[in-house]
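Comments concern the structure below.
The values are calculated or read from the model by the stated rules, or taken from the named source; none is laboratory data. In this text, all values refer to a predicted model and were calculated from it rather than measured experimentally. All Cβ positions, glycine included, derive from the backbone under ideal geometry; neighbour counts span all protein chains shown. Just the protein is used for accessible areas: all its heavy atoms, side chains included, with ligands, DNA and RNA removed. Shrake-Rupley method; radii C 1.70, N 1.55, O 1.52, S 1.80 Å.
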2 protein chains.
Amino acid sequence: MRMAFFGNSVKHISVLNSWCNQTRCRFKSIHSKISEIFSAPPSNTPAVIKGWVKSVRKMKGMIFLDVNDGSTCHKLQIVASKTTVPKNLSYGCSIVASGPVILNPQNQLELRAEELSVVGSCDLTNGYPFLPRKSYDAEYVRQYLHLRPRTNSFSSLLRLRHHASWTLRQYLNMNGYIEVHTPVLTSNDCEGAGETFFVKPNCKATLEAMASPGQSEDEVFFKRKAYLSVSGQLQLEIMARSLSNVYSFGPIFRAENSKSRLHLSEFYMLEVEKAFLDSMNELLEIMEKLLKSVLSTVFENHREEIEHYRKMVNCADYTDVENIISKPFQVLTFDEAKQILRDHSGQFQEPLLEKEGFTKEHELFLVKLNNNVPVFIVEWPAHMKPFYMKASTHSPEKVLAVDLLCPVVGELCGGSLREDDCSILEERMQKLNLTESLDWYLDIRKYGNVPSGGFGLGFERFLQMALGVSNIKDAIPFPRWPKNCKF
Amino acid sequence: MRMAFFGNSVKHISVLNSWCNQTRCRFKSIHSKISEIFSAPPSNTPAVIKGWVKSVRKMKGMIFLDVNDGSTCHKLQIVASKTTVPKNLSYGCSIVASGPVILNPQNQLELRAEELSVVGSCDLTNGYPFLPRKSYDAEYVRQYLHLRPRTNSFSSLLRLRHHASWTLRQYLNMNGYIEVHTPVLTSNDCEGAGETFFVKPNCKATLEAMASPGQSEDEVFFKRKAYLSVSGQLQLEIMARSLSNVYSFGPIFRAENSKSRLHLSEFYMLEVEKAFLDSMNELLEIMEKLLKSVLSTVFENHREEIEHYRKMVNCADYTDVENIISKPFQVLTFDEAKQILRDHSGQFQEPLLEKEGFTKEHELFLVKLNNNVPVFIVEWPAHMKPFYMKASTHSPEKVLAVDLLCPVVGELCGGSLREDDCSILEERMQKLNLTESLDWYLDIRKYGNVPSGGFGLGFERFLQMALGVSNIKDAIPFPRWPKNCKF
């Protein structure tokens, strides 16, 4: 009975529908994306386009606009009679236009505007940083992060980033991997490098309300110190011991005072972990196949957009991606790589240090020497790698780790087989004073353990390599780096 | 010439392949996932299975195992002769088994093990918290977050979470939305509720090296205070003004001292923003269609797994999802909803306060009254909502906001049209002292502005509603809540 009242007092969505249709833009039902217009042949039926004006050309009694709505790199030409053009129409403004789409005598798609109105104007004389028909270098554009997506090159990057991340997920899903959302907030420092951000509530009242006597303020909220994750690998190892094949793909943080063209304070990492994996070769195979498949799929499906992007950024660091897709990756042990570098020591600047790994210059040199085909570096000295990597059976001072070196970026991926011998692990963890905080990590090996391994791939570096983005800050929507965290 | 040396010193992957095959598990090439075996009819050809033992039954000279590898909710029965069974075979251990898969006289798939070995044993007497054939309540299991994925119910939840997040993305991609990775680190507090976590480097040396004279330590790293994002909406508004239709799907943080069954300190949120959106009705349509489509796709494609999960968690809060998929959602204004509650005030505990919104009890009561079909609440008092929402044209003290109330969880989504009148916005921001920190937010409206709107959906609550998960901590792999941040 009570439902009777309820039923009477409300508008059903169908009622609301008809009510709203009266006040809604009359064009709504036939509003098309520009991508749809370019993918379907023009039918001469009227279309409605909503987007931003990328250029304005006036000729005789006509006005020609290039309009983009973000759905594609293509701009649709809109032709209108000067008499119907609103006064505040200019470069940068947003418009709605309707009329038939035709193929013009120059074989271009063209919307013959019967109606054209400005939705939001754009005053070029009042602070808008981009002038029409002028291209700006990335550093200038980066000063205006909130307007950067309006540039043709960065909106193209955003679409390509989307396609690349979708293709990565698709590849892993099709290969039976399950995505796990590993936490950003963590009480572990997986890499042990200490480059973590520490986190606490910003609100004093919350801290006061939650505090226990004698407790450090830093431990109040979570009853222990909490950090931003530098890797989800240890958590993925938990998951691989139930779901077999897992991955995570999300933001990762480093509190490093590094402003290089390859470092960010917040970046995206794909991490893959596979159970019952006990061979380095299988791990390399997984990495190489993933990289080749994802690159070739993205290039097959989005070649036009990629060419458009590359033309705009005019990349000096042009990568021959076909080369990466078609040629087998090289495999070198750490010692072999070091020997090669020694043999070519005149050809690079930075000295090769005995007890240390490679600098970015060394990495890029090795790749160049291999004709810009990626190189796996395997069998690393244990002291250069985190505690959890599996000891090599032939040389106990080595671990079964791998770095994948690539054109443009040097190290793109890092991985390893994980140490599955509980007593070796426990000994190493005792030395590092980790047995208490990582007791659970030993637990997952005590019960129903399996050999496992995996790798991480820096997603922005992947984009840098695939597209030729020279600065990593131009491969992510909102870059964060030392002294910079706007928005 | 130098390549000659390089070429000689290394093993090509093909060489490494054959070298590794000798030391690798001889079963590797025909290792099958249990999901593959259940999706393809048995062929009587030998298969190799790697997974974990879920139960052991001994009968006469035979042993029967149920084995799962995480690829499906199905367990494969493995039958072996007692004489070939290793001593440390037990519940919880990991195994490799090979032999033909047949359909047995009981019409069940069965692997007749010719070889069977234990990879990692599981000592039940030494701390493993789960006994065979015993089911535990969620609270007990949650004490062992690192072993929780080993339980049948939680591994099922993890697969369903993966399927649901994939389906959400798929739906948005197919409808022309572009995924944007909005930042976790931010200098804005979008909701203005002050429930943010503050972030700084953990390393004293980094802080000292980067400090400028007179600067607060809290501002050293980013030159301003940085927080964890409570919403990516403002950033999505930037993106919608170039790409038109965008979404983000990632972790979101609240430093609230709340331990309810519906709150987490870190949770996943889907956020959608659409340009050229100027009607509340269109916004409701987008929300309703997305929810219905995603629910019906997940239920169509994974019904067996969902039924399996629901049986195990034995959910009291059973949701009739068919009802949500097939019936039109209700629409009420805030005032109408309040009147309905007043008229039924004897039927719930918590008092209705004049100047306030609804409690969880009120929300759930409204949904129940609507036969457990979701209810949109529209036209909210402006003082209850953030500054950026569009003022209603009929009643200026109201804003064009919407909360979607659903069974089990109450508020599932919140959205609005965004205020696009620059002078109204500026006035509100001045009152809140935001014009300096959010100058860019005004900028994106000054240049080529468009009306826009969107919503956020709490992903764990979506899972709670869809699957009947009573506590949100059991809907996420690594829950973080006050006093809890393990791993």
Legend entry - Spin-label pair B:Ala138/A:Ser423, simplified geometry with 7 Å Cα→Cβ offset, distance in nm: 4.2
Legend entry - Accessible area of chain B divided out per residue, in Å², using a probe of 1.4 angstrom: 40
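Just to make sure I understand: if all protein chains stay in place, what is the order of B:Thr83, A:Thr84 by accessible area at 1.4 Å, largest first?
Values: B:Thr83 125, A:Thr84 70 Å².
If we order B:Thr83, A:Thr84 from most to least accessible, we get B:Thr83, A:Thr84.
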Legend entry - Inter-copy label distances at A:Glu219 (7 Å, Cα→Cβ; nm, one decimal): 3.1
Inset, instruction - Quick one: compute the contact order of chain A, relative version, from alpha carbon pairs under 8 angstrom and 6+ residues apart, as a percent. - result: 12
Legend entry - Cα Rg, Dmax (largest Cα-Cα span) when computed across the stretch B:35-90, Å: 12.0, 33
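How high is the FRET efficiency between A:Thr84 and A:Leu124 when r is their beta carbon distance and R₀ equals 25 Å, given to the nearest 0.05? Don't skip to the answer; put the middle values down first.
On the way: r = 22 Å, r/R0 = 0.89.
Using R0 = 25 Å, I get an efficiency of 0.65.
Take each of the peptides B:251-257, A:245-251, B:301-307, average the number of other beta-carbon atoms within 10 Å over its residues, and list them starting from the highest. Working shown, then result.
Working: B:251-257: 21.7, A:245-251: 25.1, B:301-307: 15.1.
Taking the mean over residues of other Cβ atoms within 10 Å, the ranking is A:245-251, B:251-257, B:301-307.
For n ≥ 4 DSSP H runs only, could you compute -39500 (n - 2.57) per run for chain B, divide by its residues and tell me the 222 nm figure to the nearest 500?
Details: 15 runs with 157 residues, N = 487.
Value at 222 nm, helices only, nearest 500: -9500 deg cm²/dmol.
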Inset, instruction - Could you work out how far apart the two model spin labels at B:Asn173 and A:Asp343 are, taking each label as a point 7 Å from the Cα in the direction of the beta carbon, and quote it in nm? - result: 4.4
Inset, instruction - Excluding residues fewer than 8 places away in the same chain, name every one of the aspartates and glutamates whose C-alpha is closer than 15 Å to that of B:Lys431. - result: B:Asp439
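From other protein chains only, count the Cβ atoms within 10 Å of every residue's Cβ in A:242-250, then give the mean. Could you put the intermediate results ahead of the total?
Numbers: counts 14, 9, 9, 4, 5, 1, 1, 2, 6.
Per residue, the average neighbour count from other chains is 6.
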Inset, instruction - Could you please tell me the mean projected area of the C-alpha convex hull for the stretch B:49-130, averaged over all directions and given in square nanometres to one decimal? - result: 5.7
Inset, instruction - Could you rank the peptides B:58-69, A:472-483 by their average count of other C-beta atoms within 10 Å per residue, with the highest value first? - result: A:472-483, B:58-69
Inset, instruction - Enumerate the lysines that A:Lys75 could reach by cross-link, defined here as Cα to Cα under 21 Å, with residues fewer than 8 away along the same chain left out. - result: A:Lys28, A:Lys33, A:Lys50, A:Lys54, A:Lys58, A:Lys134, A:Lys311, B:Lys274
Legend entry - Number of partner chain Cβ atoms within 10 Å, mean per residue of B:444-457: 5
Legend entry - Stretch gain in nm, segment A:Ala209-A:Thr393, where the contour uses 0.36 nm per residue and the Cα spacing is subtracted: 60.8 nm
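So what are the stretch B:249-337's ellipsoid semi-axes, whole angstrom, largest first, if each one is the square root of 5 times an eigenvalue of the alpha-carbon gyration tensor? Display every interim value, and only then the final one.
Numbers: eigenvalues 132, 96, 50 Å².
Here the semi-axes work out to 26, 22, 16 Å.
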Legend entry - Three principal axis lengths of chain B [C-alpha, angstrom, descending]: 82, 76, 42
Legend entry - Neighbouring partner chain Cβ atoms per residue of A:50-59, average, 10 Å criterion: 2
Inset, instruction - One decimal, nm, shortest first: give the distances between the label point of B:Ser326 and those of the same position in the other copies, each label point 7 Å from Cα along Cα→Cβ. - result: 5.7
Inset, instruction - Calculate the translational D of the protein assembly as shown in whole µm² s⁻¹ from Stokes-Einstein, where the hydrodynamic radius comes from the Kirkwood formula applied to all Cα pairs, the temperature is 4 °C and the viscosity 1.567 mPa s. - result: 43
Inset, instruction - Could you work out the per residue convex hull volume over the alpha carbons of the stretch A:340-441, in cubic angstrom? - result: 122
Legend entry - the stretch B:90-148, relative contact order in percent, only Cα pairs under 8 angstrom and at least six apart counted: 30
Inset, instruction - Treating cross-link reach as a plain straight distance, find the lysines whose alpha-carbon is under 22 Å from the alpha-carbon of A:Lys483, omitting any fewer than eight places away in the same chain. - result: A:Lys200, A:Lys259, A:Lys473, B:Lys200, B:Lys204, B:Lys223, B:Lys225
Legend entry - Expected-Rg normalisation [2.2 N^0.38 Å, Cα atoms] applied to the stretch A:263-422: 1.12
Inset, instruction - Compute the label-point distances linking A:Met62 to its equivalents in the other copies; points lie 7 Å from Cα along Cα→Cβ; give nm, one decimal, shortest first. - result: 8.2
Inset, instruction - May I ask what percent, to the nearest 5, of DSSP beta bridges between residues of the protein assembly as shown are antiparallel? - result: 85
Inset, instruction - Post the alpha-carbon centroid distance, the stretch A:278-306 to the stretch A:403-479, in whole angstrom. - result: 19
Legend entry - Distance from the stretch B:337-365 to the stretch A:60-112 (C-alpha centre basis), Å: 53
Legend entry - Global size of the stretch B:100-249 as Cα Rg and Dmax, reported in angstrom: 25.3, 82
Legend entry - Accessible surface of the stretch B:323-440 [probe 1.4 Å, protein heavy atoms]: carbon and sulfur percent: 49
